[in-house]
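Heads up: the structure comes next, in structure tokens.
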Amino acid sequence: MKQRESAKVQEVFYGKEDHGILTCSLMLGSEGNSMQGFGNLALDEETGPAFVSSICELFKVNKLGKIKGKSCFALRCWPDWNTSIEGIEVDGSRFLLTQFRRKFWPNDTKTVLKTKKESILKEIAWAKRRVTELEMEMAQVTNGYIDWETEK
């Protein structure tokens, strides 16, 4: 997976999703015929219109629906499979989710790198706990065991 990949806007959604949360998402189709969503933030009456306006400005259109079929670049921070799209680039201009979040939620917005590191550290802690649990289970595995092949 490329970190800067040519894509085309296949679908656009702005409204309340099935849990009643206002969101905006773009489905981007890439070279390999795969699709990946972009956006999907929980928005409100202030941030929703700002998000839509920013996307429209990036694509130089006056309505969100007019970006369907337009080309762009999907920007990812890592080349790994299934890495989230952090931004979209059109004609050298960029819209980045972290910048958008920082504008509205400056105290709650971490960098993508910091978020990834925290996620990895949580997974490591979980794996260590799980190893300890499994070692304790291994130490006790023969307690109460009956081998019915040899038991009469």
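Out of segment 22-43, which residues are modelled with pLDDT of 95 or more and not small (Gly, Ala, Ser)?
Of everything in segment 22-43, those that are modelled with pLDDT of 95 or more and not small (Gly, Ala, Ser) turn out to be LEU22, THR23, CYS24, LEU26, MET27, LEU28, PHE38, LEU43.
Take the residues of segment 16-43 that are surrounded by 13 or more Cβ atoms within 10 Å (Cβ to Cβ) and hydroxyl-bearing (Ser, Thr, Tyr): which is nearest to VAL90 (Cα to Cα)?
Among residues in segment 16-43 that are surrounded by 13 or more Cβ atoms within 10 Å (Cβ to Cβ) and hydroxyl-bearing (Ser, Thr, Tyr), the one nearest to VAL90 (Cα to Cα) is SER30.
If I go through segment 1-55 residue by residue, how many of them are in contact (Cβ under 8 Å) with a residue 60 or more places away in the chain and of a type in the set (Asp, Glu)?
The number of residues fulfilling the criteria is 1.
For PHE13, state whether it is within 18 Å of the chain's Cα centre (by Cα), modelled with pLDDT of 95 or more and surrounded by 14 or more Cβ atoms within 10 Å (Cβ to Cβ). Full working, then the answer.
Working: within 18 Å of the chain's Cα centre (by Cα): yes; modelled with pLDDT of 95 or more: yes; surrounded by 14 or more Cβ atoms within 10 Å (Cβ to Cβ): yes.
For PHE13, the condition - within 18 Å of the chain's Cα centre (by Cα), modelled with pLDDT of 95 or more and surrounded by 14 or more Cβ atoms within 10 Å (Cβ to Cβ) - is met.
Look at segment 99-115 and say how many of its residues are surrounded by 15 or more Cβ atoms within 10 Å (Cβ to Cβ) and not in a loop (DSSP other than H, G, I, E, B).
Keep residues of segment 99-115 that are surrounded by 15 or more Cβ atoms within 10 Å (Cβ to Cβ), which gives 100-102, 104, 109, 112.
With not in a loop (DSSP other than H, G, I, E, B) added as a condition, the list becomes 100-102, 104, 112.
Residues meeting the conditions: 5.
The values are calculated or read from the model by the stated rules, or taken from the named source; none is laboratory data. Note that the coordinates shown come from a computational prediction; the quantities given were computed from them, not determined experimentally. Positions of Cβ are backbone-derived with ideal geometry, glycine not excepted, and every protein chain shown enters the neighbour counts.
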